[in-house]
Amino acid sequence: MNVFIQAYEYAVSNFAEVSTALRQHLVLVLVPLAIGLFVGLPLGLWSARSRLASIVLINGFNALRVIPSLAILFLAIPYFGLSFQSAAIALTLLVMPPILINTDVAFRTIDPMIREAAFGMGMSPGQVLRQVEIPLALPVVIAGVKIALVEVIASATLAAFIGAGGLGSFIVRGFALYDIPTLLVGAIPVAILALLAEVSLSAAQRSLQPPR
């Protein structure tokens, strides 16, 4: 219990630094997530519609999942230096696979009979997509977003290794000095953010699940 009290006292006495690190961490999470959604959702829909696109995209992004985030981070350094851009690229590549793959699965597993019934009622392809397919696919898509968000919250701590800031800077400092309270100042907020993301998106997923 003593280490938690010490961590709290450290956080209070360095409140400005902790607040700055938290803001940096949120930016490191939200920017890659926004890019991942902007790119991954359309690609996932395209993949669900095209067999060739599915083979190329799913296999390509599945291959990315076996590469450690830290390795991608260091590969980006020669081109973008020790900067926010390097961290954002590595984290964007991390969030893309679950968003794209879940979007592909969500639209691919919609019963074709539902689409046919919608077209039979005179709906246009755009109306079928907006009013039928997206509501049915949304719970699975949100599951992918949840996985991506939790992963990027945890992995954003790696940005501290290249000086991009974030809560990981306290974790790195704590390891370097073998100072557990300092490490906890970074680790506890990251764990809380990941838990909040998990709980809130799980609730959203359940609320959008169609009744049986």
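List of remarks:
- Order of Tyr178, Tyr10 under a 10 Å beta carbon neighbour criterion, fewest first: Tyr178, Tyr10
- Order of Val95, Val56 - criterion: other Cβ atoms within 10 Å of each residue's Cβ, fewest first: Val56, Val95
- Its relative contact order, with pairs defined as Cα atoms under 8 Å and 6+ residues apart, puts the chain at 27 percent.
- Among the helices of the chain, those built from whole DSSP H runs whose Cα atoms reach 15 Å or more along their own axis and whose mean Kyte-Doolittle hydropathy is at least 1.0 are 15-49, 69-80, 84-108, 134-155, 180-208.
- Size of the chain from its Cα atoms: along the principal axes, largest to smallest, the extents are 67, 40, 24 Å.
- The chain - mean residue ellipticity at 222 nm from DSSP helices (-39,500 (n - 2.57) per run, n ≥ 4, rounded to 500): -27500 deg cm²/dmol
- The range 129-200 and the range 88-103 have Cα centres separated by 13 Å.
None of the figures in this text is laboratory data; all of them are computed from the coordinates on show. For clarity, every value in this text was computed on a predicted model and none was experimentally measured. Ideal geometry is used to build each Cβ from the backbone, glycine not excepted, and the neighbour counts take in all protein chains shown.
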